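Below: the structure, in C-alpha cells.
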Amino acid sequence: MTDLLAPVADAPDTTALPLRPLGKVVAVTSGKGGVGKTFVSANLAAALAKRGHKVLVLDADLGLANLDVVLNLYPKLTLHDVLTGKARLEEAILPAPGGFSVLLAGSGMVEYSRLTPEVRDEFLRIVSGLVPHYDIVLLDTGAGISDVVLFAVSLASEVLMVATPEPTSLTDAYATIKVLAGQQQRQTVRIVVNQAPRPGAGLPITQQLQQVLDRFVATASGKPPRLVHMGDIPVDPAVREAVMRRKLLMQLSPGCPAGQAISQLASRLEQSVMPRLA
C-alpha cells in the first residue's frame, strides 16, 4: 500500500458544482478503468429492481460509454440526443433486462469529454428531472478524476467506489477518494471490492486504505473521509460467461457466488443507504 503515498496530481477545477447533492442519486465510480464498475452498476440495478424498487441507471461515462454493450441494447435515442435537444428526456429512457430503466450515452461522444458550462447545466437538468420518478438513480460514471467524472459524482448523495485488490486499482481509488474529500468534502465513501480472491478479502483491504487516508487526507472539518466496506464480489467464472454473452449475471446465474454477493450488496444498500436518500 506504500504506492498510495505517491503524489496525486491536481484534479480539474469543477466550478459551479451544485450547492448540495441530489437525493436518491448514487454514483458508482472507480479510480481505474477495467475494474467492473459498469458490471456492478447494471447487476446492482437488477438486484434492487428484484427487491421491488424503481431503478434507473444513467450512463454518465460520456466519452467511453459501454452500458449498452453490457445490456446488449441498441438504442435509437441516447443521452446525446437529449443533450442536443433532438429528443425529450422521456423518449430516451429504455427498459432494460432485469426490470430497471436506463438512459444510455453514445460511445465516443468526444464533444462531451470536457465539462463545458453547457454540458454541466444540461446534465444537471437531466439528472434533476429523473430523480422524482425513481426510488434510486445510479450514475455509472467514468473512471478517474476528469472534470466530467467529478461533476457527475458531485450530483450524488452517496458514492460507491468499485475497486479490485490490484495495487494499481487501490492506488487510483486512494487518489480519487483524496480528490473527493478535498473538492467535494465527502465525509463517507462506500467501497465494494470486485474480483476478491477469497471470502472476506475486501475488509482488510478497506481497513488498510482507511489507515492511509487517516494519515494523509482530511476534509475541511479536519477529519479524514470514512470508508464503509459494502462487501466483496468474488472471482467467479459465471461473471465472465455473463459478460461474454452480454447478459446480466442476475438473470443468467443469480445463485452463483458473485450473484449472491451482488444480492447482498443490494440488501446493504437498501437498508443502510436508501433510507438516507429520500
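The values are calculated or read from the model by the stated rules, or taken from the named source; none is laboratory data. These numbers were taken from a predicted model, which means no experiment stands behind them. Heads up, the Cβs are rebuilt from the backbone with ideal geometry, glycines too, and the neighbour counts pull from every protein chain shown. Each accessible area value is taken on the protein alone, full model and side chains, heavy atoms only, with ligands, DNA and RNA left out. Shrake-Rupley method; radii C 1.70, N 1.55, O 1.52, S 1.80 Å.
A few points about this structure:
- Note on the chain: Lys pairs 8 or more places apart or on different chains, Cα atoms under 22 Å apart, count 13.
- Taken along the Cα-to-beta-carbon direction at a fixed 7 Å, the label points for ALA87 and GLU166 span 3.3 nm.
- In the chain, helical runs assigned H by DSSP with n ≥ 4 each contribute -39500 (n - 2.57); averaged across all residues and rounded to the nearest 500, the mean residue ellipticity at 222 nm is -11500 deg cm²/dmol.
- Additional length obtainable on full extension of the chain from ARG114 to ASN66, 0.36 nm per residue less Cα span: 15.5 nm
- For THR188, the solvent-accessible surface computed with a 1.4 Å probe is close to 30 Å², ligands and nucleic acids excluded.
- Debye-formula intensities of segment 125-278, expressed as log10 I(q)/I(0) at q = 0.14 Å⁻¹, are -0.78 (one equal scatterer per alpha-carbon, no solvent).
- Packing, taken as the mean count of other beta carbons within 10 Å per residue, orders the peptides 29-41, 192-204 from highest to lowest as 29-41, 192-204.
- Scattering profile of segment 56-154 at q = 0.19 Å⁻¹ [log10 I(q)/I(0), Debye over alpha-carbon scatterers]: -0.88
- Globularity ratio of the chain, using Cα Rg and 2.2 N^0.38 Å: 0.94
- Environment charge of PRO132, counting only residues whose C-beta is closer than 14 Å and scoring Lys/Arg +1, Asp/Glu -1: +1
- Overall dimensions of segment 156-217 by Cα: Rg and Dmax, Å: 11.4, 35
- Inter-centroid distance (Cα atoms) of segment 148-190 relative to segment 223-240, Å: 14 Å
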